[in-house]
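See below for the structure under consideration.
The values are calculated or read from the model by the stated rules, or taken from the named source; none is laboratory data. Bear in mind the structure is a predicted one, so any value in this text is a computation, not a measurement. Please note: Cβ atoms are built from the backbone with ideal geometry, for glycine as well, and neighbour counts cover all protein chains shown. Just the protein is used for accessible areas: all its heavy atoms, side chains included, with ligands, DNA and RNA removed. Shrake-Rupley method; radii C 1.70, N 1.55, O 1.52, S 1.80 Å.
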Amino acid sequence: MKPRLRKVVFPVAGLGTRFLPASKVVAKEMLPVLDKPLIQYAVDEAVDAGADTLIFVTNRYKHAIADYFDTAFELEQRLERAGKHDLLALVRNVVPKHVRCVFVTQAEALGLGHAVLCARPVIGDEPFGVILPDDLIWNRGHGALRQMAEFAAKDDVGAIAVEEVPREQTQKYGIVDAEKADARAALVRHVVEKPKPDVAPSNLAIVGRYVLPGRILELLETTKPGAGGEIQLTDAIAALLGTGKVYAYRFEGTRFDCGSKLGLVKATLHFALQDPALAEATRAFVAAAAS
Ligand code: G1P
């Protein structure tokens, strides 16, 4: 049975400066890994988790994302007339019919916590998911968010995806101090945003997947700017720990940090190697380039 996680938030208002000059006009979430933009991988994962309402927190520079999920009437007509039904299906099925897309504006870039708070009128007070599309997670079986939603539904708790990172990188992530519960889950005792390696409570880092209770939105209303002067989701999660259980969840799958050039290269190679039409030539190219 699918867990009850109907709404998933995609904070996509970031500037994407690491991909300038391309991101001057191409939203970083629209950068392709092979033939699909990053946002499509994120949306597929949300739908796999049972979501029927996708909430994109966007801004005036990110129209391409709304366009992508809109009907491409002229293109569809042309493909239909040309009898290109495979391509037509690709264009039409970016989201299944039962799923709706909602766009809310984050007028000012005040941080991830603020972006999630912008979605409050759509979320109401039910549990919801958050996916940061920069973190592309590949798994042969169900996606990371589905795994977390199933886990969280059992006890009605929150879950945040984690993985170990080299200690010198703690300053790039939210870092968790947690007590092991089973092979995948650990009860979070404390969480801190972007600590220096010498004060980080561990090297267990949050990656971009969250299953959270609606109540966190109340906490976000009063969350003060934290690391980098931004309103941090991590700080609201820390406040939630006083009254609710949140688990750090080691998902099954491979994460690619597509917010970095190297991560995008790795993801592209990975998916090329998974694709029967590209695998052999890609392997040969990589072998030759490395020798
Ligand atoms: C955000 C979160 C951080 C998390 C990271 C995962 O940081 O604030 O806690 O570890 O995403 O990608 P950002 O990468 O937006 O600075």
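Less than 5 angstrom separates the built amide H of Tyr247 from those of Gly158, Ala159, Ile160, Val188, all sequence-distant by 5 or more or on a different chain. Residues whose amide H lies under 5 Å from that of Phe128, counting only those 5 or more places away or on a different chain, are Leu212, Gly214; hydrogens are built 1.01 Å from N in the peptide plane. The label point for Arg140 and the one for Asn93, both projected 7 Å from the Cα toward the Cβ, are 2.3 nm apart.
Hey, if you drop one equal point scatterer on each alpha-carbon of region 1-118 and run the Debye formula without solvent, what base-10 log of I(q)/I(0) do you get at q = 0.15 Å⁻¹? For region 1-118 at q = 0.15 Å⁻¹, log10 I(q)/I(0) is -0.75. Glu218 contributes about 110 Å² of solvent-accessible surface, heavy atoms of the protein only, 1.4 Å probe. Qualifying trypsin sites (Lys or Arg not before Pro) in region 34-127, where qualification requires a DSSP coil assignment and no more than 12 other C-beta atoms within 10 Å, comprise Arg60, Lys97.
Solvent exposure of region 194-291, expressed per residue, is 50 Å² of accessible area, with all protein chains present and a 1.4 angstrom probe. Computed with a 1.4 Å probe on the full set of protein chains, the accessible area for Cys101 sits at about 40 Å². Roughly how many whole Å is it from the C-alpha centroid of region 1-54 to that of region 131-199? Region 1-54 and region 131-199 have Cα centres spaced 19 Å from each other.
Taking all protein chains as they are arranged and a probe of 1.4 Å, the heavy atoms of His63 leave approximately 120 Å² accessible to solvent. Each residue of region 142-147 was assigned a 3J(HN,Hα) from its phi angle through the Karplus expression (A = 6.51, B = -1.76, C = 1.60, θ = phi - 60°), giving 4, x, 4, 5, 4, 4 Hz with x at Gly and Pro.
With all protein chains present, how much of the accessible area of region 157-267 (probe radius 1.4 Å) comes from carbon and sulfur, to the nearest whole percent? Here it works out to 49 percent.
Of all DSSP beta bridges located in the chain, what percent are antiparallel, nearest 5?
Working: 26 of 44 bridges.
Roughly 60 percent of the beta bridges in the chain run antiparallel, per DSSP.
Measuring nothing but protein heavy atoms, the accessible surface of region 24-82 at 1.4 Å probe radius is 51 percent carbon and sulfur.
How many percent of the alpha carbon pairs in region 163-223 exceed a separation of 14 Å? Walk me through the numbers before you get to the answer.
Working: 1108 of 1830 pairs.
So the portion of pairs separated by more than 14 Å is 61 percent.
Close amide H pairs (under 5 Å, H built 1.01 Å from N) link Val33 with Leu38, residues at least 5 positions away or on another chain.
Karplus-derived 3J(HN,Hα) values for region 16-25, using 6.51 cos²θ - 1.76 cosθ + 1.60 with θ = phi - 60°, are x, 4, 5, 10, 6, x, 4, 6, 4, 10 Hz; glycine and proline are entered as x.
Annotation: for a label point projected 7 angstrom from Cα along Cα→Cβ of Ala227, residues of region 173-189 with backbone N closer than 11 Å are 173-176.
When you filter the trypsin sites (Lys or Arg not before Pro) in region 120-160 for DSSP loop state and at most 10 other Cβ atoms inside 10 Å of their Cβ, you are left with Arg140. Summing charges over all other residues whose Cβ lies under 13 Å from the Cβ of Val286, with Lys and Arg as +1 and Asp and Glu as -1, gives +1. In this rough spin-label picture, where each label sits 7 Å from Cα along the Cβ direction, the Ala239-Ala22 distance is 3.7 nm. Heavy atoms of the protein chains alone define the surface here; on that basis region 1-100 has 58 Å² accessible area per residue at 1.4 Å probe size. Compared with the alpha-carbon gap, the fully stretched path from Lys172 to Glu74 is longer by 31.0 nm at 0.36 nm per residue.
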